[in-house]
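The values are calculated or read from the model by the stated rules, or taken from the named source; none is laboratory data. None of the values given here were measured: they were computed from a predicted structure. Every residue, glycine as well, gets a Cβ built from its backbone with ideal geometry; the counts of neighbours run over all protein chains shown.
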Amino acid sequence: MNPSNNLPVEGKRIKLQKIISVKKFNGEELLAQLCYHYPQYTLYAASKLSYRQVQLLLRVAKQQQAIQMYNLTQIAAAPHTKKGSGVTKLSDHFKKTANS
């Protein structure tokens, strides 16, 4: 429509491209992941949280899990370092973390 006289606009038509769907959003799956990492939440209680809060909680859970896996890898590798220096270094790291 032409805003000046409310008549249909004549001329070329615009052809829209299709939007490629990567993966359909599954909100229930996100909430289930949240409930897995934070068992104090029920699906009903988690559904009351905003999307931003759910994303924040899941991001923190993944970071903590990654830190835990990294630490376990370091624990497994420490005894195999030269003269066990990795064990001392790792012990100092955990002692420093515990005292902070």
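Details
- The set of residues in the stretch 52-100 that are surrounded by 10 or more Cβ atoms within 10 Å (Cβ to Cβ), under 30 Å from Leu31 (Cα atoms) and of a type outside the set (A, V, I, L, M) comprises Gln53, Gln55, Arg59, Lys62, Gln63, Gln64, Gln65, Gln68, Tyr70, Asn71, Thr73.
- Within the stretch 13-43, if we keep just the residues that are loosely packed, with under 10 Cβ neighbours inside 10 Å and at pLDDT 95 or above, the residue that is farthest from Gln68 (Cα to Cα) turns out to be Gln40.
- Any chance Val87 is in contact with a helix residue (DSSP H, G or I) (Cβ under 8 Å, 6 or more places away or on another chain) and of a type outside the set (Gly, Ala, Ser): yes
- Any chance Gln33 is in a helix (DSSP H, G or I) and either without any contact (Cβ under 8 Å) to a residue 12 or more places away in the chain or over 20 Å from the mean Cα position of the chain (by Cα) (or both): no
- Residue match in the stretch 51-67 (condition: in contact with a Cys (Cβ under 8 Å, 6 or more places away or on another chain) and touching a residue at least 12 places away in the same chain (Cβ under 8 Å)): no
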